[in-house]
1. Using the reciprocal of the averaged 1/r over all distinct C-alpha pairs, how large is the Kirkwood radius of region B:25-103 in Å?
2. Given the protein assembly as shown, what whole percent of its Cα pairs are spread farther than 39 Å?
3. Among the aspartates and glutamates, which fall within straight-line cross-link reach of B:LYS55, defined as a Cα-Cα distance under 18 Å, with same-chain neighbours fewer than 8 residues apart omitted?
4. Loop-only check: which GluC sites (Glu not before Pro) in region A:265-354 are DSSP coil with at most 13 other Cβ within 10 angstrom?
5. With the crude spin-label approximation of a point 7 Å out along Cα→Cβ, what separation in nm comes out for B:PHE43 versus A:ARG326?
6. Extent of region B:58-113 along each principal axis, from alpha carbon coordinates, in Å, largest to smallest?
7. Mind jotting down the distance between the C-alpha centroids of region A:253-302 and region A:36-78, whole Å?
8. Under the √(5λ) rule applied to the eigenvalues of the Cα gyration tensor, what semi-axes describe the equivalent ellipsoid of region A:50-106? Give them in Å, descending.
Amino acid sequence: MSVTLKSLRKAYGAAEVIKGVDLEITPGEFCVFVGPSGCGKSTLLRMIAGLEEITGGDLVIGGKRMNEVDAAHRGIAMVFQSYALYPHMTVRENMGFALKFAGDNPGTIAKKVDAAAATLGLTKLMDRKPKDLSGGQRQRVAIGRAIVRNPKVFLFDEPLSNLDAELRVHMRIEIARLHQELKTTIIYVTHDQVEAMTLADKIVVLRDGRVEQVGAPLTLYDDPDNIFVAGFIGSPKMNFLKARVQNGQLALVDLPGQTLPLTQSLPEGSEVTVGLRPDIFKRGGTAHLDLTIEIVEQLGAETYAYARAGADIDGQPLTIAVTEGRDLRPGQALKVTFDPARALLFGKDGQRLR
Amino acid sequence: MNRLISLLAQAGLWLAAFISVFPFLWMITGATNTANDITGGRFLPGTNLLPNIAKFFELVDAGQVFFNSFFVAITGTALTLIVSSLAGYGFEIFASKTRDRVFAGLLLLLSVPFAAMMIPLFVMFSSAGLINSYIAMIAPGIASIFMIFYFRQNTKSFPHELRDAAKLDGLKEWQIFWFIYIPVMRSTYAAAMIILFMTNWNAYLWPLIVLQTNDMKTITLTVASLATAYTPDYGLIMIANVLATLPTILVFFLLQRRFVEGMLGGVK
Ligand SMILES: Nc1ncnc2c1ncn2[C@@H]1O[C@H](COP(=O)(O)OP(=O)(O)O)[C@@H](O)[C@H]1O
Ligand SMILES: [Mg+2]
């Protein structure tokens with residue numbers, strides 16, 4: 001089912017937290033809200049859920065305006081960060097509670113609960129209380145409780161952030177699989193851009209209550225609209241270098257003497273920020289930088305080198321990710337080359353120069 | 001050195017334990033002795049238990065007195081739990097600009113001593129024609145400021161996301177309170193229940209003022225009236241005390257584990 005937000009706003013007293021969000025989520029889409037902590041992701045999700053009043057704008061789910069509709073009647077289900085399982089009920093009771101409350105007969109409830117439990121591998125845990133479950137199991141029960149209600153839209157608020165790294169990867173895959181199976185619209189909140197990149201059909205990058213950019217994961221990665229999105233998406237982070245257009249070249253402000261070729265026409269003297277993804281550096285290409293390696297991280301398949309530009313230890317820090325870097329050593333001088341067409345230029349206002 | 005400190009601490013604890021337990025032991029041995037033995041300083045168990053008991057049941061309409069005590073304590077406790085926990089829940093859950101000011105005002109009222117409210121309360125109840133009634137005994141305590149405070153504090157550890165989840169599951173506010181909040185907070189309720197039961201059971205000053213006939217009196221008042229006789233029979237008083245104490249001890253041991261959990265402020 002589709003979800004449409006039309007200049008949605010939320011204010012707590014005088015403090016505006018959501019400052020006019022427009023968004024179109026198509027049926028069956030996996031949409032991820034991502035952004036730094038405090039940017040309003042949870043608030044926006046809770047407005048869609050019906051847990052926060054909407055101050056202004058329209059919320060439309062499946063063609064119907066839902067601003068004033070009760071949370072239980074919006075056709076949504078939500079998985080909370082803390083799981084929010086009822087501690088005094090067993091897994092079975094937790095999963096069936098909403099149905100029981102809606103007045104379904106016990107036979108139907110049992111059938112639906114058992115089906116969801118089977119999908120999620122919970123069958124053996126049905127008579128346990130939440131406190132006797134591991135984090136991953138609780139997470140699955142919370143998802144099961146949502147599935148049982150057969151919602152038109154699933155909402156997830158940072159569902160994996162209380163799990164350890166290994167389990168997080170595992171559950172991430174399980175959620176992706178679940179989406180393929182159920183084909184339900186999902187809105188998923190996270191501050192983790194890796195989760196966003198791996199799960200989303202569409203990423204919505206939020207900052208300070210506003211949408212910075214909406215797009216497919218690789219669109220945001222390759223073609224960010226501004227410095228914020230460029231810096232937020234991608235790990236390790238994009239490198240940013242200050243530069244000035246001089247004699248038809250980019251003179252790097254913090255690296256006297258080093259220049260990069262200019263690939264688009266900009267007026268002489270304009271100040272720009274050059275964005276270089278750590279993974280564009282190769283041995284080969286027409287642009288180059290002279291660096292001194294400070295720290296090397298060997299990940300096996302890949303090597304991250306944290307380097308300073310020039311021979312100066314106070315120079316501009318840069319991160320380099322290369323696949324053939326087992327020979328890199330701290331203190332070593334390194335000349336990296338790259339294709340200048342892959343450098344992104346941003347204006348003084350942080351917007352992309354295209 | 002450490003050993004010495006530990007020994008001293010142990011000794012201190014034993015002393016404190018002795019001071020707390022001694023009157024209790026004395027009450028029990030006293031119940032088996034005659035008044036003369038007790039005033040003579042006898043601490044050992046005696047042989048006068050059955051005569052003491054017989055005299056107690058002869059002098060006191062035990063059935064009526066215990067009924068009064070239980071009725072007042074149970075009804076008072078139940079009503080106070082409901083009203084005060086609802087208020088505590090409301091204060092903590094619903095944000096508003098004025099709630100903290102209202103709450104501070106309530107806490108300020110805690111410093112008004114009961115002695116200052118006694119006479120106005122009496123006048124109120126007497127003009128409502130409620131003197132010498134159960135209502136007069138129970139009503140003044142129901143909106144207990146201390147209990148509202150206690151429940152508000154404990155509600156801080158009630159996970160807000162549970163309330164959100166319940167809303168999505170289709171529960172109305174009162175249903176959230178009834179089906180989620182109360183079961184989740186049962187340790188908090190158990191601790192409050194013990195405190196309230198004891199307070200109600202042991203209530204003395206207000207019932208003394210508001211009750212006028214013997215058939216309305218609670219066991220606490222009855223024991224006190226035995227003690228004010230012209231020649232108090234201490235053996236009788238002690239057995240009356242034992243009987244008056246038993247129910248609170250029973251309630252405490254039944255709910256002991258939850259009481260400790262509740263005082264430690266746990267949501268389990
Ligand atoms: N009940 C509230 N009253 C006032 N401000 C709030 C309330 N809830 C959240 N906020 C503010 O709204 C902003 C967004 O919060 P939130 O949506 O939780 O951020 P995120 O989930 O992106 O970390 C924060 O600055 C937070 O302080
Ligand atoms: Mg959040």
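1. Details: mean 1/r = 0.0590 Å⁻¹.
Result for region B:25-103 stands at 16.9 Å.
2. Details: 105988 of 193131 pairs.
Across the protein assembly as shown, Cα pairs with separations above 39 Å total 55 percent.
3. Reachable aspartates and glutamates: B:ASP37, B:ASP233.
4. On the way: sites: A:GLU268, A:GLU271, A:GLU294, A:GLU297, A:GLU302, A:GLU324; in loops: A:GLU268, A:GLU302, A:GLU324.
The qualifying sites are A:GLU268, A:GLU324.
5. 8.4
6. 60, 25, 8
7. Value for the Cα centre distance between the two parts: 43 Å.
8. Numbers: eigenvalues 146, 45, 14 Å².
Each semi-axis is the square root of five times an eigenvalue, giving 27, 15, 8 Å.
Read-outs: derived from the displayed coordinates by stated rules, not from any lab. Just so we're clear, the structure is a prediction, and the values are computed from it rather than from any experiment. Neighbour counts run over all protein chains shown; Cβ positions are idealised from the backbone, glycine included.
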